[in-house]
Every structure is written in structure tokens, then in C-alpha cells.
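These notes are about the structure you will find just below.
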Amino acid sequence: MNEPWRVLDDIDRTLQVLQPQHPRRSDLWRRVAVGDLANALIEVSPDRYHPKLVVYGPASIAGPLNNRAKDMRIEWNSSRGVKDNLEDILGIKLPEPSVYQQDGKIKCGICLAFDDGAEIADQVCTSDQCAQSFHRQCLIQV
């Protein structure tokens, strides 16, 4: 993979980054918005040709996207930007940084906060009718 920090800078510039809110150079990962009900964890490494991607959300959304992400090492084109590569491989349009708002669509269904200061609400109810996100700690405390 190209220099990891160049890839991370590209992610920060072109995708809606949910976490970390204030990334450091040692943060070789980003959690980005994939849509209203899903987010993805992207990890970069100097040892890999392409980033590692895992999509979180309802099974009906995350399942197909994670299946497409398995082809990432085959389809990744290092001469293209991260967003273009991800959109082509996943077959979806990813939210622009200025478009996606923290408007309650991925707030925790228990504490009603988007970010509890330590983690994002990334535990998603598997029912397509619900698809509500929760903080892991909130689920443990209930």
C-alpha cells in the first residue's frame, strides 16, 4: 500500500469520518459513514497493498457489502483514491463529508448520544425493521 498516512489523509478529506474525532498519526484506522444505518472500519497498514474494511450495520446491509469487500485485494487500484476504490468495490455511493450529519440516525437507542466519548454506537440490531444502533457499554449495562 502507498504510504499509510497519505491514504488516511485521503480518507479524512473525502469520506465522512466518524471516529477518531481528532486523529493522530498513530491512528491507522478510521470509522466512516457508509449510509444512514451502516458504518465501516477501515484499517491501513504499510504491510498491505489495500486497506482492510469491515462494514457494521443490519445484516441486510452489512452482509452484502462485506462480501464485496472480500474482493478488495483483487480489485484495489493504488493509482485511484480511497473513496473511488471503495465505491467501485462496494457498488455504492459513500456520503460526502459535508452531507452526512449526526441527525439521530445512528444515535444509541439507550443513552440517545451519538458518541459516548469512548466509542461510537456500532452495535446494530439485526432486525431490518429496527436497525437501531447501540453503544456496547450501554447494552452491557441494561
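The values are calculated or read from the model by the stated rules, or taken from the named source; none is laboratory data. Bear in mind the structure is a predicted one, so any value in this text is a computation, not a measurement. Please note: Cβ atoms are built from the backbone with ideal geometry, for glycine as well, and neighbour counts cover all protein chains shown. Remember, those area values only see protein heavy atoms, side chains included, never the ligands or the DNA or RNA. Shrake-Rupley method; radii C 1.70, N 1.55, O 1.52, S 1.80 Å.
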Test result for L86, surrounded by 20 or more Cβ atoms within 10 Å (Cβ to Cβ), within 23 Å of C125 (Cβ to Cβ), in contact (Cβ under 8 Å) with a residue 24 or more places away in the chain and in contact with a Leu (Cβ under 7 Å, 6 or more places away or on another chain): no
Condition check: out of contact with any Asp or Glu (no Cβ under 6 Å at 6 or more places or on another chain) and surrounded by fewer than 17 Cβ atoms within 10 Å (Cβ to Cβ). Does Q16 satisfy that? no
Under the condition of being of a type outside the set (G, A, S) and open to solvent by 60 Å² or more (accessible area, probe 1.4 Å), which residue from the stretch 112-131 is modelled with the lowest pLDDT? D116
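Go through the stretch 48-57 and give me each residue that's modelled with pLDDT under 85 and farther than 16 Å from I92 by Cα.
Scanning the stretch 48-57 gives R48, Y49.
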Return the only residue of S45, S26 being over 23 Å from P97 (Cβ atoms) and among the hydroxyl-bearing types (S, T, Y). S45
When the stretch 43-60 is checked residue by residue, the ones that are in contact (Cβ under 8 Å) with a residue 40 or more places away in the chain, within 18 Å of S133 (Cα to Cα) and in contact with a strand residue (DSSP E or B) (Cβ under 8 Å, 6 or more places away or on another chain) are Y56, G57, P58
All positions within the stretch 95-111 that are modelled with pLDDT of 65 or more and open to solvent by 40 Å² or more (accessible area, probe 1.4 Å): E96, P97, K107, I110, C111
I need the full set of residues from the stretch 47-69 which are surrounded by fewer than 18 Cβ atoms within 10 Å (Cβ to Cβ), over 21 Å from D122 (Cα atoms) and not hydroxyl-bearing (S, T, Y), in order please. D47, R48
Mind checking which pairs have a first residue in the stretch 64-83 that is within 21 Å of P95 (Cβ to Cβ) and free of Cβ contacts under 8 Å to residues at least 12 places away in the same chain and a second that is part of a helix (DSSP H, G or I) and open to solvent by 40 Å² or more (accessible area, probe 1.4 Å), Cβ under 9 Å, 6 or more apart or different chains? R80/D88
Of the residues I42, I74, which is open to solvent by 60 Å² or more (accessible area, probe 1.4 Å) and either modelled with pLDDT under 90 or under 15 Å from E87 (Cβ atoms) (or both)? I74
